[in-house]
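Colleague: Provided herewith is a single structure, encoded as structure tokens, for subsequent inquiry.
Nothing in this text is a laboratory measurement; each read-out follows from the coordinates by a stated rule. These numbers were taken from a predicted model, which means no experiment stands behind them. When we count neighbours, we look across all protein chains shown, and the Cβ atoms used for this are built from the backbone with ideal geometry, even at glycine.
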Amino acid sequence: MDATESVGSHIARLLSGADASTLRRLERAAQQQVFCRRDLLHARGIQLPPFVMLNGHVIARRVAETGQVRAALIAGPGYLGGMRSISDPDGEALYELVALTDGTWATWDPRFVRELALQDAGLAVGLLDHASDFAVVLNMRLDERSFENARQRLAAILTRYGKVIFDTPHPVAQRADLAAMIGTSRVMMYRALRELEADGLVKRQRTGGINILDEERLAGLVTVAAPDGAPAL
């Protein structure tokens with residue numbers, strides 16, 4: 001596992017507009033927890049507190065009534081989430097968090113963070129910016145599902161996450177996670193993957209990895225472009 005950056009370093013970078021005393025209070029109040037690969041960090045239907053990823057990767061997903069799994073994003077070190085609980089501390093989370101690797105995250109009591117935000121406008125604006133970033137990501141996913149086919153969505157996911165998540169000797173995510181990100185069945189995902197491989201764009205590995213052979217041509221299949229300034233999630 002890579003070296004874990006401290007909570008203080010993460011929040012100082014993520015919430016740079018907050019007062020120094022506010023950042024110190026956040027650092028002291030953070031509850032750090034270690035998790036293992038495939039752990040369910042948070043279940044849908046209960047409150048998801050504000051959190052920051054310190055080390056490792058998680059996937060935000062939901063299971064439909066049909067049993068199909070749909071995923072919104074893969075988050076790594078430095079990701080700040082759980083913003084909804086700050087505005088609605090009793091609200092239920094729409095997604096569950098599943099660990100893709102071993103790692104560490106830090107969480108806060110949403111009421112504590114809300115009280116700090118009421119006292120520090122810099123913190124409030126920083127939290128608003130991150131909530132807005134998440135809304136942009138969800139809109140991008142909606143556009144991808146609406147206007148791209150499975151092959152194009154697969155190209156988008158591999159372009160976005162390939163080098164870190166899939167194109168490694170020991171891939172972070174499994175093929176089932178890839179199908180969830182694309183929003184298709186595993187059968188459809190494998191069909192699209194075979195097509196990309198036949199075109200010389202990728203190569204599947206027995207370990208589950210997917211080597212990106214032609215990143216430029218792969219990116220050329222993507223028709224839904226991320227807006228300027230969109231977060232890389």
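Colleague: Once the other residues with Cβ under 15 Å from the Cβ of residue 85 are scored (Lys, Arg +1; Asp, Glu -1), what is the net sum?
Modeller: Taking every other residue near residue 85 into account, the sum is -2.
Colleague: Let me ask another. Taking the simple approach of a point 7 Å from Cα along Cα-to-Cβ for both residue 226 and residue 88, what is their distance in nm?
Modeller: Roughly 2.7 nm, to one decimal.
Colleague: In the chain, how does Rg compare with the Kirkwood Rh, expressed as the Rg/Rh ratio over alpha carbon atoms?
Modeller: 0.99
Colleague: Next question, about the same structure. Say a site is exposed when it is one of the trypsin sites (Lys or Arg not before Pro), sits in a DSSP loop, and has at most 14 other Cβ atoms within 10 Å; what is then the longest site-free stretch of the chain?
Modeller: Free of exposed loop sites, the longest segment is 39-205.
Colleague: What residues qualify as long-range amide H neighbours of residue 213, i.e. H under 5 Å apart, gap of 5 or more or another chain, H built at 1.01 Å from N?
Modeller: Here 202, 203 satisfy the definition.
Colleague: I've got another one for you. Calculate the dipole size of segment 57-107 relative to its Cα centre from +1 charges on Lys and Arg beta carbons and -1 charges on Asp and Glu beta carbons; express the result in debye to the nearest 20.
Modeller: Roughly 200 debye, rounded to the nearest 20.
Colleague: Quick one: Cα centre-to-centre distance for segment 41-59 and segment 1-30, in angstrom?
Modeller: 17 Å
Colleague: Would you mind checking the tilt of helix 20-29 against the longest principal axis of the Cα atoms of the chain, expressed as 0 to 90 degrees and rounded to 10?
Modeller: 70 degrees
Colleague: Given 0.36 nm per residue, what is the gain on full extension from residue 211 to residue 29 after removing their alpha carbon distance, in nm?
Modeller: 61.4 nm
Colleague: Suppose a student asked you for the relative contact order of segment 7-144, using Cα pairs under 8 Å spaced at least 6 residues apart; what percent would you report?
Modeller: Contact order relative to length: 34 percent.
Colleague: For segment 7-144, rounded, prolate or oblate, judged on the Cα gyration tensor with a ≥ b ≥ c (square roots of eigenvalues), a/c < 1.5 rounded, else prolate if a/b > b/c?
Modeller: Since a/c reaches 1.5 and a/b is larger than b/c, the shape of segment 7-144 is classed as prolate.
Colleague: Suppose we take every Cα in segment 165-221 and form the convex hull; what volume per residue is that in Å³?
Modeller: It comes to 80 Å³ per residue, whole-number rounded.
Colleague: Dipole of the chain, Cα-centred, from +1 at each Lys and Arg C-beta and -1 at each Asp and Glu C-beta, to the nearest 20 debye?
Modeller: 720 debye
Colleague: At 0.36 nm per residue, and after removing the present C-alpha to C-alpha distance, how many nm does the segment from residue 19 to residue 102 gain when stretched out fully?
Modeller: Additional length available on full extension: 26.6 nm.
Colleague: Something else now. Could you pull out the longest piece of the chain with no exposed loop GluC sites (Glu not before Pro) in it, calling a site exposed if DSSP puts it outside H, G, I, E, B and it has at most 13 other Cβ atoms within 10 Å?
Modeller: With a cap of 13 other Cβ atoms within 10 Å, the longest stretch comes to 93-233.
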